[in-house]
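Chemist: Here it is: the structure, laid out below.
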Amino acid sequence: MARMSFLEHLEELRSRLLKALGGMGVAFAICLCLGPQLWDIIRKPAKTALENLHQPPDLVLINPMDSFQIIWMKIPLLCAIFVSSPWVLYQVWAFIAPGLYKREKRWAAPFVISSSLLFILGGLFAYFVAFRYGLEFLLGLGIGSGIRPGVDMSLYYDLFVDVMLGVGVIFEIPVMLFLLTLIRVASPAFLVRHSRYAILAIVILAAVITPTGDVFNLTLFATPMIVLFYIGIFASYLLVLNREKRKFPWRTFLMWGIVGLLGLAALSVAALLYYGYHFVPHWPIFVK
């Protein structure tokens, strides 16, 4: 690929984009047949939140065209993005792979599988945690002040899309760091040296996402992102070791990793008990 001309690069990019769009088109056609069922899944967080707040569970339709546009156009498109993500990410890899060394091209399958799983995992985390519990808190803010929650269908869907895609992209942090190392834009040493700035940015972002100000629910959102950042650094380090033909001490790493996870779990439980917090199956998850 390094020997290709500029026009040949553009032609290759055009080909990959068309193939990616073709895969999304097939996924869209499949999801189009499941529009009402998919809408039931998407509206469930609002239904659950309103029922927990003892409010009517139905959403409000203001624009007569909203139901058609959302159920039969926007929802299939959103689901098609997640369903076709492995194919789209493969096209991304296929575009950059010719410019890599032969031994680096072996990362194709791990790249496509891990990036797809992380994107889908981010969507699941957004659906079952971030969006579901945050929505209940936000809807309950005005209750008792002469305000009755009424969720507009269109605005609800827009918020749902923002959260799902935003968290899905955030979960791609390890893949992005790995790619930066792969194309030699960054290195594990550089990422470690500047990790404090990354952690600060993650905590600020988590504080914006988290409606409550307590430390436990802030940690609930910040911890996965910080863990993903260090997973990305670890993956980058493995890539550097592979380039230098060195091996990683997996046995020692797994032993100390298990010990560390058990210690962290014990400290977390002790902190919850000490401060009098306990888990509840609704927002804000940890309460006194």
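The values are calculated or read from the model by the stated rules, or taken from the named source; none is laboratory data. This is a predicted model, so every value here is computed, not measured. So basically every Cβ, Gly included, is an ideal-geometry build from the backbone, and we count neighbours across all protein chains shown.
For (1) under 23 Å from I120 (Cβ atoms); (2) of a type in the set (V, I, T), each residue gets a yes or a no:
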{"site": "T48", "(1), (2)": "yes, yes"}
{"site": "L53", "(1), (2)": "no, no"}
{"site": "P56", "(1), (2)": "no, no"}
{"site": "L61", "(1), (2)": "no, no"}
{"site": "Q69", "(1), (2)": "no, no"}
{"site": "K74", "(1), (2)": "yes, no"}
{"site": "C79", "(1), (2)": "yes, no"}
{"site": "S84", "(1), (2)": "yes, no"}
{"site": "Y90", "(1), (2)": "yes, no"}
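Chemist: Identify, please: which residue in segment 49-100 is small (G, A, S) and within 30 Å of R184 (Cβ to Cβ) and is, among those, modelled with the highest pLDDT?
Modeler: Among residues in segment 49-100 that are small (G, A, S) and within 30 Å of R184 (Cβ to Cβ), the one modelled with the highest pLDDT is S84.
Chemist: Being in a helix (DSSP H, G or I) and either touching a His at 6+ places or on another chain (Cβ under 6 Å) or at pLDDT 80 or above (or both) narrows it down to one of F216, F229, so name that one.
Modeler: Going through F216, F229 in turn, just one is in a helix (DSSP H, G or I) and either touching a His at 6+ places or on another chain (Cβ under 6 Å) or at pLDDT 80 or above (or both): F229.
Chemist: V60 fails exactly one of the following numbered conditions: (1) in contact with a Gly (Cβ under 7 Å, 6 or more places away or on another chain); (2) within 20 Å of L165 (Cα to Cα); (3) among the hydrophobic types (A, V, I, L, M, F, W, C). What is the number of that condition?
Modeler: (2)
Chemist: Name the single residue that is nearest to the chain's Cα centre (by Cα) among those in segment 262-275 being closer than 23 Å to R196 by Cβ and exposed (fewer than 13 other Cβ atoms within 10 Å of the Cβ).
Modeler: Of everything passing the filter in segment 262-275, L264 is nearest to the chain's Cα centre (by Cα).
Chemist: Are any of the residues in segment 161-182 farther than 21 Å from S85 by Cβ, out of contact with any Ser or Thr (no Cβ under 7 Å at 6 or more places or on another chain), in a helix (DSSP H, G or I) and in contact (Cβ under 8 Å) with a residue 60 or more places away in the chain?
Modeler: No.
Chemist: Moving on to the next point. Go through segment 155-195 and give me each residue that's charged (D, E, K, R) and within 19 Å of L220 (Cα to Cα).
Modeler: Residue satisfying the conditions is E172 alone.
Chemist: With the condition kept exactly as written, say whether any residue in segment 174-189 is exposed (fewer than 11 other Cβ atoms within 10 Å of the Cβ), of a type in the set (V, I, T) and more than 22 Å from the chain's Cα centre (by Cα).
Modeler: yes
Chemist: Restricting to segment 68-99, give me the number of residues that are touching a helix residue (DSSP H, G or I) at 6+ places or on another chain (Cβ under 7 Å) and either surrounded by fewer than 15 Cβ atoms within 10 Å (Cβ to Cβ) or not β-branched (V, I, T) (or both).
Modeler: Residues flagged as touching a helix residue (DSSP H, G or I) at 6+ places or on another chain (Cβ under 7 Å) and either surrounded by fewer than 15 Cβ atoms within 10 Å (Cβ to Cβ) or not β-branched (V, I, T) (or both) within segment 68-99 amount to 19.
Chemist: Under 8 Å between Cβ atoms, which residue pairs at least 6 apart in sequence (or on different chains) link something in segment 41-68 that is charged (D, E, K, R) with a partner that is in a loop (DSSP other than H, G, I, E, B) and surrounded by 14 or more Cβ atoms within 10 Å (Cβ to Cβ)?
Modeler: Qualifying pairs under 8 Å: R43/L59; K47/P57; E51/P57.
Chemist: Among the listed residues Y133, Y157, Y127, which satisfies the condition of being touching a helix residue (DSSP H, G or I) at 6+ places or on another chain (Cβ under 6 Å) and of a type in the set (S, T, Y)?
Modeler: Y157
Chemist: If you check A46 against the conditions, is it in a helix (DSSP H, G or I), more than 26 Å from G142 (Cα to Cα), of a type in the set (A, V, I, L, M) and out of contact with any Pro (no Cβ under 7 Å at 6 or more places or on another chain)?
Modeler: No; evaluated as a whole, the condition is false for this residue.
Chemist: Can you run down the residue pairs with Cβ atoms below 7 Å, 6 or more apart or on separate chains, where the first is in segment 10-36 and surrounded by fewer than 14 Cβ atoms within 10 Å (Cβ to Cβ) and the partner is part of a helix (DSSP H, G or I) and among the β-branched types (V, I, T)?
Modeler: P36/I71
Chemist: Let me ask another. For E244, all conditions in the list (1) farther than 28 Å from L138 by Cα; (2) at pLDDT 80 or above; (3) exposed (fewer than 15 other Cβ atoms within 10 Å of the Cβ) hold save one; what is the number of the exception?
Modeler: E244 satisfies every listed condition except (2).
Chemist: Return only the number of the condition from (1) closer than 25 Å to A109 by Cα; (2) assigned to a loop (DSSP other than H, G, I, E, B) that G23 does not satisfy.
Modeler: Failing condition for G23: (2).
Chemist: List the number of the failed condition for Y157; all other conditions in (1) of a type in the set (S, T, Y); (2) farther than 30 Å from P36 by Cα; (3) surrounded by 11 or more Cβ atoms within 10 Å (Cβ to Cβ) hold.
Modeler: Tallying (1) of a type in the set (S, T, Y); (2) farther than 30 Å from P36 by Cα; (3) surrounded by 11 or more Cβ atoms within 10 Å (Cβ to Cβ), Y157 fails exactly one: (2).
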